[in-house]
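S.K.: My questions will all concern the structure given below.
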Ligand code: NDP
């Protein structure tokens, strides 16, 4: 019996909301609130005949803490699921603290305006001190730890697939498979084909910022940064086949370096096709990935935002995407004094997802863990005051929920390793 406020009604939120409505005994009431209320109303109307969850909708600008507080005070949810954009993480955390409500999201904070001088000063200091230059990092949200502890509230960060399930896989490996973990390789493969010359599978702005940034990995207690897409490997993925993958910086490496301190190396690889990379390089070379406004015929235009308006809406890729995703973690380490390897992953079929919830697998593999994370918080399995990432909780009930609600795990104890 829980009342939940979902903020955002895009590709990922739509899947999470579909899945919450399949678990009406827990998610008894849901308010879908977003910037564009008509999208919330459309989804609510589609789901209403199929669920006993009572759905309402609201309009909110989640950049505005006052509006958020007013909405939370009026609706009185037990949990706010932030499935808008990473730009809104801090305002929504502030509103949750002001109203005494638990919080969760699917991606760590990054600012919308990377030219903001006050943010830039902190960012440049962090780049020098930490040794990686991605726009996003956990420091902004970890700064809320004491406030959430003192308020007796839980904030769950990054509960999608990666970050999210990948960290639960790490917690599972640590709890059940290894005495100590030496290396972790996180492999994110999208073997899907949408037939478009160029499109991103989730929010284009957030996606292109992430993949055009320098790559980095954790080794021997420090970050190693490399030029974008400069480390390439090939891997033969179960049910997908051979794919090229590239080393990227990714947010869960930052928290795993702290929570699994014995790990000597943690890397993240994502697959990309040649056409995607060629388009991205070209767009970058002509300045279309820039986040700084340019003056165009008297109007201020942010190139990456303009590009977003031209690219296909990721939600529209659902009906046309065929193939599978395969995302998981390969570990090396020791068990009972013996060397051991272990691979845990999920394979998800784009068309099956579309049949079930009307979305492709990238939104599905993020939205299902968001629902399962909410389920952990609402059923008291993951509640502890403070701000936490997924691997800091017991992975067992979460992985069991993922098995049940659409993202079952596969395992191998003799995987091919990545050199
Ligand atoms: P979309 O762009 O499809 O949806 C974003 C939603 O947020 C839209 O409904 C948008 O409203 C709403 N929104 C944006 N700004 C505001 C605002 N100021 N106030 C209220 N609502 C707002 O994004 P996705 O669904 O693809 O991604 C959602 C989140 O999931 C992102 O944070 C992304 O980084 C994360 N993600 C995480 C993954 C993981 O594995 N952990 C993988 C993929 C994504 P409007 O309709 O008006 O634009």
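S.K.: Could I get the Rg over Rh figure for region 165-357? Both from C-alpha atoms, Rh via Kirkwood, rounded to two places.
M.R.: Here Rg/Rh amounts to 1.02.
S.K.: Label-point separation (nm) for residue 146 and residue 52, each offset 7 Å from Cα along Cα-to-Cβ?
M.R.: 4.7 nm
S.K.: Figure the gain on full extension for residue 334 and residue 230 (residue separation times 0.36 nm, minus the Cα-Cα span) and round it to one decimal in nm.
M.R.: Values: separation 104, 0.36 × 104 = 37.44 nm, distance 3.06 nm.
Using 0.36 nm per residue and subtracting the Cα-Cα distance, I get 34.4 nm.
S.K.: Any chance you could run the full-extension gain for residue 400 through residue 258? It's 0.36 nm times the residue separation minus the Cα-Cα distance, nm to one decimal.
M.R.: Details: separation 142, 0.36 × 142 = 51.12 nm, distance 2.52 nm.
Length gained between residue 400 and residue 258: 48.6 nm.
S.K.: Right, something else. For a test of the definition: using alpha carbon positions, the gyration tensor, and the 1.5 limit on a/c, classify the chain as rounded, prolate or oblate. Could you put the intermediate results ahead of the total?
M.R.: On the way: a/c = 1.27, a/b = 1.12, b/c = 1.14.
Taking the square roots of the gyration eigenvalues as a ≥ b ≥ c, the chain is rounded.
S.K.: Separate question: In a GNM of the chain with a 10 Å cut-off on Cα contacts, which of 346, 326, 285 has the highest mean-square fluctuation?
M.R.: Judging by the Gaussian network model, the answer is 285.
S.K.: If each residue's Cβ is checked for other Cβ atoms within 10 Å, how do 125, 381 rank with the fewest at the top? Let's see the in-between values first.
M.R.: Numbers: 125 10, 381 14.
Ordered from fewest to most neighbouring Cβ atoms within 10 Å, 125, 381 come out as 125, 381.
S.K.: Between residue 275 and residue 28, take the C-beta separation as r, use R0 = 41 Å, and let me know the FRET efficiency to the nearest 0.05. If you can, show how the numbers build up before the last one.
M.R.: On the way: r = 46 Å, r/R0 = 1.12.
Plugging the Cβ-Cβ distance into 1/(1 + (r/R0)^6) gives 0.35.
S.K.: Give me the one-decimal nm value for the distance between modelled label points at residue 182 and residue 244, 7 Å along each residue's Cα-to-Cβ direction.
M.R.: That separation, rounded to one decimal, is 3.0 nm.
S.K.: So, in Å, what gap is there between the alpha-carbon centers of region 254-318 and region 75-121?
M.R.: With region 254-318 and region 75-121 each reduced to a Cα centre, they are spaced 21 Å.
S.K.: Here is a further query. Can you grab the distance from the C-alpha centre of region 364-387 to the C-alpha centre of region 133-207, Å, no decimals?
M.R.: So the separation of the two Cα centres works out to 13 Å.
S.K.: Could you order the peptides 163-169, 230-236, 202-208 from most to least packed, using the average number of other C-beta atoms within 10 Å per residue? Write down the numbers at each step before the final one.
M.R.: Details: 163-169: 29.3, 230-236: 13.4, 202-208: 20.1.
The densest-packed peptide leads the list: 163-169, 202-208, 230-236.
S.K.: Please figure out what share of the DSSP beta bridges in the chain is antiparallel and state it in percent, rounded to the nearest 5.
M.R.: Around 60 percent antiparallel, to the nearest 5.
S.K.: Follow-up. Quick one: order 292, 118, 412 by neighbouring beta-carbon count within 10 Å, fewest to most. Don't jump to the answer; show the numbers that get you there.
M.R.: Values: 292 11, 118 8, 412 14.
Result, fewest neighbours first: 118, 292, 412.
S.K.: For region 328-346 and region 1-51, write down the distance between their C-alpha centroids in whole Å.
M.R.: 38 Å
S.K.: Hey, what number do you get for the chain at 222 nm if only DSSP H runs of n ≥ 4 count, each worth -39500 (n - 2.57), divided across all residues, to the nearest 500?
M.R.: Values: 15 runs with 151 residues, N = 419.
One gets -10500 deg cm²/dmol as the mean residue ellipticity at 222 nm.
S.K.: Ok, one more. When a footprinting reagent is the concern and you count Cβ atoms within 10 Å, what order do 223, 140, 382 take, fewest first? Before the final figure, lay out each step's value.
M.R.: Values: 223 16, 140 19, 382 23.
So the residues, fewest neighbours to most, are 223, 140, 382.
Each reported figure results from applying straightforward, stated rules to the coordinates on display, with no laboratory input. Keep in mind the model is a prediction, meaning the values are calculated, not measured. Neighbour counts are summed over all protein chains in view; Cβ atoms, including those assigned to glycine, are modelled from backbone coordinates with ideal geometry.
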